[in-house]
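*Asks:* Okay, here's the structure, questions in a sec.
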Amino acid sequence: MVTNNDTDEIVLGRITSIFGVKGWVKVYSYTDPMENLLDYPEWHLLHQGERKVIRKLDGRRHGKGLIARLDGINTPEEARLLSGAEIRLSRSKLPDLPQGEYYWSQLVGLKVINLQGQVFGQVDYLLDTGANDVLVIKPCEGSLDKQERLVPWLIPDVIRQVDLEAAQIDVDWDADF
């Protein structure tokens, strides 16, 4: 999932192009698994500065992505007008996660400190490498240095504690990596 500046919303995916001749659209999902995006019957679209709420009528996996049929979109021409639209959802509508699991958007902005008390910076974004996720940490005020760091999301070997209230992640990671 990708965060945005709008604190109440999270970007779950985007409409990439048209599919077929009946107005279906191709969708790139940021959710894991990707099909989770289809669980939401109402999509809040942001496209070229305009917001629109649209009902998802149908959807399924297709190749490496998803396809969807949206209410009121019946032709390729209508579908093309939505190409590039972000699919958003209010954070309050996200399901609660089990203890110890986090949405990526919850981690962005948290300060990262190693066991020696050295501040690496703040989480800027996360990478999905296939083997494991990776925190991309940018320097912030009080950082050890101005170096960007990549820290693997490996619990409990590297990621020792996530404290959302304190906005901090404690890591067992050497500053020289």
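*Asks:* List, in order, the whole-Hz ³J(HN,Hα) value for each residue of segment 110-127 obtained from phi through the Karplus relation with A = 6.51, B = -1.76, C = 1.60 and θ = phi - 60°; use x for Gly and Pro.
*Replies:* Using θ = phi - 60°, the values come out as 6, 6, 10, 10, 7, 5, 8, x, 7, 7, 7, x, 10, 5, 8, 6, 10, 10 Hz.
*Asks:* Now a separate question. Out of every Cα pair in segment 2-93, what percent are spaced more than 15 Å from each other?
*Replies:* Cα-Cα pairs in segment 2-93 separated by more than 15 Å: 55 percent.
*Asks:* Give me Rg/Rg_expected for segment 104-171, where Rg uses Cα atoms only and Rg_expected = 2.2 N^0.38 Å with N residues.
*Replies:* 1.00
*Asks:* Please give the contour-minus-distance gain from Tyr28 to Arg80: 0.36 nm per residue of separation, less the Cα-Cα distance, rounded to one decimal in nm.
*Replies:* Gain on stretching Tyr28 to Arg80: 17.2 nm.
*Asks:* Using a Förster radius of 41 Å, what is the FRET efficiency between Phe177 and His47 based on their Cβ-Cβ separation? Nearest 0.05, please.
*Replies:* Calculated value: 0.50.
*Asks:* Is it possible to state the helix-based mean residue ellipticity at 222 nm for the chain, with each DSSP H run of 4+ residues giving -39500 (n - 2.57), the sum divided by total residues, to the nearest 500 deg cm²/dmol? What is it?
*Replies:* Only helices count here, giving -1000 deg cm²/dmol.
*Asks:* From the residues Ala166, Pro139, Pro156, which one has its Cα farthest along the dipole of segment 134-174 in the positive direction, the dipole being from +1 and -1 charges on Cβ of Lys/Arg and Asp/Glu about the Cα centre?
*Replies:* Checking the options against the dipole of segment 134-174, the answer is Pro139.
*Asks:* Follow-up. Given the C-alpha centroids of segment 128-177 and segment 70-107, what is the distance between them in whole angstrom?
*Replies:* For segment 128-177 versus segment 70-107, the Cα centre distance is 27 Å.
*Asks:* Here is a further query. Can you tell me the dipole magnitude for the chain around its Cα centre, using point charges on the Cβ only (Lys, Arg +1; Asp, Glu -1), in Debye to the nearest 20?
*Replies:* For this selection, approximately 1000 debye.
*Asks:* If you add up the charges near Arg14, with Lys and Arg at +1 and Asp and Glu at -1, over every other residue whose beta carbon is less than 12 angstrom from its beta carbon, what do you get?
*Replies:* +1
*Asks:* Which of Gly23, Ser83, Leu97 sits farthest toward the positive end of the charge dipole of the chain, with +1 on the Cβ of Lys and Arg and -1 on the Cβ of Asp and Glu?
*Replies:* Towards the positive end, the residue furthest out is Gly23.
*Asks:* Related question: Provide the packing ranking of 152-158, 64-70, i.e. peptides ordered by the mean count of other C-beta atoms within 10 Å per residue, highest first.
*Replies:* The most tightly packed comes first, giving 64-70, 152-158.
*Asks:* Highest mean first, how do 90-97, 52-59, 141-148, 14-21 rank when packing is the count of other Cβ atoms within 10 Å averaged over residues?
*Replies:* 14-21, 52-59, 141-148, 90-97
*Asks:* Which Rg and Dmax, in Å, describe the Cα atoms of the chain?
*Replies:* Rg, Dmax (Cα atoms, Å): 18.9, 60.
Read the figures in this text as sums done on the coordinates, not as results from a lab. All of these numbers come straight from a predicted model, not from anything done at the bench. Backbone-built Cβ (ideal geometry, glycine too); neighbour counts: all protein chains shown.
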